[in-house]
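Before any comments, here is the structure.
The values are calculated or read from the model by the stated rules, or taken from the named source; none is laboratory data. Not measured: the values here are computed from a predicted model. Backbone-built Cβ (ideal geometry, glycine too); neighbour counts: all protein chains shown. Areas reflect the complete protein model, heavy atoms only, side chains present, ligands, DNA and RNA absent. Shrake-Rupley method; radii C 1.70, N 1.55, O 1.52, S 1.80 Å.
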Amino acid sequence: MNNKEGNNKGKGPRANSSRPNSNKPKPAMQKRAQGPKKAKPITKVEEEAAAKAAKKPNQAPKRQKAADEIRLNKYIANSGACSRRDADIYIQSGNVKVNGVPVTEMGYLVKPGDTVNFDGALLTPEKKEYILLNKPKNFTTAFDEGQEYRNVLELVRGSTNAKIAAVGRMDKNTTGLLLFTNDTDMLRKFTLPSQKSSKIYQVSLDKNLKFEDLEKINKGLVLDGHRVFVEDISYIDNEPKSEIGLKLRSSNVKVVRAIFEHFDYDVLRIDRVSFAGLTKKNLPRGNWRFLTEQEVINLKNV
């Protein structure tokens, strides 16, 4: 027997060996018993944060909402101050007071008789309404013309419980777009002489408007000591020369009539076809509709 064979035999497993085979899985070691974990020391900052979370001075206990109560953010939104989402930001920042006390609670309920102060201004709970009417003839915005002519408020009766008013004035013969709202800021805005919103009128005259008179009107004129600026004036396509389109900023229909009477024309009819970007599209004569949220935003940004 050569040395190689002897060496190979020597490397094989020993017979009757008590040593366990290394190929067998070893039993898992038992985990050492662990003592209780040491409590992590609480820092002063964590203590203050926990105290603030537990102590909410303006936090009212949750309760069921009564029928005559309203969430604070909705109350603010109804007043026209801002949206509900923005109202939440103002509330969290402490800029809203109820009955003189700052309120930072989300979902705080306002009761009838509560006074709400928003960023320094006292709010009214009435929701702002904006209604557009296509006014027919024989209705007036005035209240002092007797019983012969009906008031325009009859045409929007039942649309809202808010105390709305017409923006600007219209006589019985004037037709077209008329805006109603209880937003006093908007009422004031569109009646100021300096307001910048454009209105378009279709005017019917008793005779054809001379081209030289049209050019004079287009350049502007002085009426009763006040300068009247006309944005545009033109003949209406496919209509007689007595049908005129007039664009100007004044919401006073009397100004429209006075412009043509200044040049010795009798005004037979005035129809407001556009008001600050609002049109009569899908709004038949005598009908009304609420403005969309985007339309209200546009009016406020004029």
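List the strands (runs of 3 or more DSSP E) that sit entirely inside region 140-231 and contain at least 3 residues that are in contact with a Gly (Cβ under 9 Å, 6 or more places away or on another chain) and modelled with pLDDT of 90 or more.
Hits in region 140-231: 199-205.
Filter region 243-268 for residues that are surrounded by 15 or more Cβ atoms within 10 Å (Cβ to Cβ) and over 27 Å from S194 (Cβ atoms) and give the result.
E243, Y265
Kindly list, by first and then second residue, each pair from a residue in region 206-221 that is among the small types (G, A, S) to a residue that is surrounded by 13 or more Cβ atoms within 10 Å (Cβ to Cβ), limited to pairs with Cβ atoms under 8 Å and residues at least 6 apart or on different chains.
Close Cβ pairs satisfying both conditions: G220/V228; G220/V230.
If Q59 meets every condition in (1) out of contact with any Asp or Glu (no Cβ under 7 Å at 6 or more places or on another chain); (2) at pLDDT below 70; (3) open to solvent by 70 Å² or more (accessible area, probe 1.4 Å) apart from one, which number is that one?
For Q59, the failing item is (1).
When region 176-225 is examined, which residues are found to be surrounded by fewer than 13 Cβ atoms within 10 Å (Cβ to Cβ) and over 29 Å from N298 (Cα atoms)?
D206, K207, K210, F211, E212, E215, V222, D224, G225
Please find, within region 130-151, the residue that is farthest from Q202 (Cα to Cα) out of those that are touching a residue at least 12 places away in the same chain (Cβ under 8 Å) and surrounded by fewer than 20 Cβ atoms within 10 Å (Cβ to Cβ).
Taking the candidates together, the pick is E145.
State yes or no: is V230 surrounded by 14 or more Cβ atoms within 10 Å (Cβ to Cβ) and under 41 Å from the mean Cα position of the chain (by Cα)?
yes
Where residues in region 87-122 are in a loop (DSSP other than H, G, I, E, B) and more than 21 Å from K65 (Cα to Cα), which of them is nearest to the chain's Cα centre (by Cα)?
Here the answer is D119.
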